[in-house]
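The structure appears below as structure tokens.
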Amino acid sequence: MIHEDIADFAATLPRTGALAGLDLGTKTIGVAVSDGLRQVASPLTVIRRRKFTLDAAALLSAAAERGLAGLVLGLPRNMDGSEGPRAQSTRAFARNLSRLTDLPIGFWDERLSTVAAERALLEADTSRKRRAEVIDQVAAAYILQGALDRLRNLP
């Protein structure tokens, strides 16, 4: 089930259980996971995109392994809030993925998540090579942390 609104997404989740955050790119998928109490997001891995069935299998395998309660996909909106081709691609990915799993899927506005991740890595004095390796999973953690913070503050 796909949820546009984070409050609707929250209503479908069990009280505890880890969530995954996904930063969908054209070449990679950054993956981050939360702890079971949904306090902290941590970068996990980067999946090299090949074709949907292989990408979905890798994601769902990680979800099953970790007993995840739901997935949060970063939705790449334009700065004016409109949606372009990348947002449509993310929505299509979510629709296809929802056919393969019962896990609830929620969207989170990912504007500037990669910029924030890059800034954090620069502040940590991470080498250019290492930044290229981890930027997507750090961006996924940034997306997931934003959703976790919002989930915690829902009435």
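The values are calculated or read from the model by the stated rules, or taken from the named source; none is laboratory data. Keep in mind it's a predicted model, so treat the numbers as computed, not measured. FYI the Cβ positions are ideal-geometry reconstructions off the backbone, even for glycines, and counts take in every protein chain you see.
Being in a helix (DSSP H, G or I) and aliphatic (A, V, I, L, M) is the filter; apply it to the stretch 87-117 and report the residue that is farthest from residue 41 (Cα to Cα).
Result: 92.
Just checking, how many residues over the stretch 20-59 are under 16 Å from residue 134 (Cβ atoms) and free of Cβ contacts under 8 Å to residues at least 12 places away in the same chain?
0
State whether the residues of the stretch 107-120 include one that is modelled with pLDDT of 95 or more, in contact with an Asp or Glu (Cβ under 8 Å, 6 or more places away or on another chain), under 18 Å from residue 25 (Cα atoms) and not charged (D, E, K, R).
yes
Hey, can you tell me all the residues within the stretch 103-130 that are among the charged types (D, E, K, R) and surrounded by 13 or more Cβ atoms within 10 Å (Cβ to Cβ)?
109, 110, 111, 118
So which residues in the stretch 18-35 are part of a loop (DSSP other than H, G, I, E, B) and modelled with pLDDT of 95 or more, if there are any at all?
18, 35, listed by residue number.
Return yes or no: is residue 151 more than 17 Å from residue 27 (Cβ to Cβ) and in contact (Cβ under 8 Å) with a residue 40 or more places away in the chain?
Yes.
Looking only at the stretch 65-84, which residues are surrounded by 11 or more Cβ atoms within 10 Å (Cβ to Cβ), more than 19 Å from residue 138 (Cα to Cα) and out of contact with any Leu (no Cβ under 9 Å at 6 or more places or on another chain)?
78 - this is the single residue of the stretch 65-84 that is surrounded by 11 or more Cβ atoms within 10 Å (Cβ to Cβ), more than 19 Å from residue 138 (Cα to Cα) and out of contact with any Leu (no Cβ under 9 Å at 6 or more places or on another chain).
May I ask you to list the residues in the stretch 118-136 that are in a helix (DSSP H, G or I) and free of Cβ contacts under 8 Å to residues at least 24 places away in the same chain?
Selection gives 118, 119, 120, 121, 122, 123, 128, 129, 130, 131, 132.
Does the stretch 47-56 contain any residue that is more than 17 Å from residue 3 (Cβ to Cβ), surrounded by 16 or more Cβ atoms within 10 Å (Cβ to Cβ) and either among the small types (Gly, Ala, Ser) or under 13 Å from the mean Cα position of the chain (by Cα) (or both)?
Looking through the stretch 47-56, at least one residue is more than 17 Å from residue 3 (Cβ to Cβ), surrounded by 16 or more Cβ atoms within 10 Å (Cβ to Cβ) and either among the small types (Gly, Ala, Ser) or under 13 Å from the mean Cα position of the chain (by Cα) (or both).
Take the conditions more than 18 Å from residue 145 (Cα to Cα) and modelled with pLDDT of 95 or more and apply them to residue 56. Does it pass?
Taking the combined requirement at face value, the residue satisfies it.
Could you say whether any residue in the stretch 1-10 is in a helix (DSSP H, G or I), modelled with pLDDT under 95 and under 14 Å from the mean Cα position of the chain (by Cα)?
yes
Here is a check on your reading of the model: is residue 139 closer than 17 Å to residue 41 by Cα, touching a residue at least 40 places away in the same chain (Cβ under 8 Å) and crowded, with 17+ Cβ neighbours inside 10 Å?
Yes: the conditions hold for residue 139.
Of 6, 2, which residue is touching a Lys or Arg at 6+ places or on another chain (Cβ under 6 Å) and touching a residue at least 60 places away in the same chain (Cβ under 8 Å)?
Being touching a Lys or Arg at 6+ places or on another chain (Cβ under 6 Å) and touching a residue at least 60 places away in the same chain (Cβ under 8 Å) holds for just one of 6, 2, which is 6.
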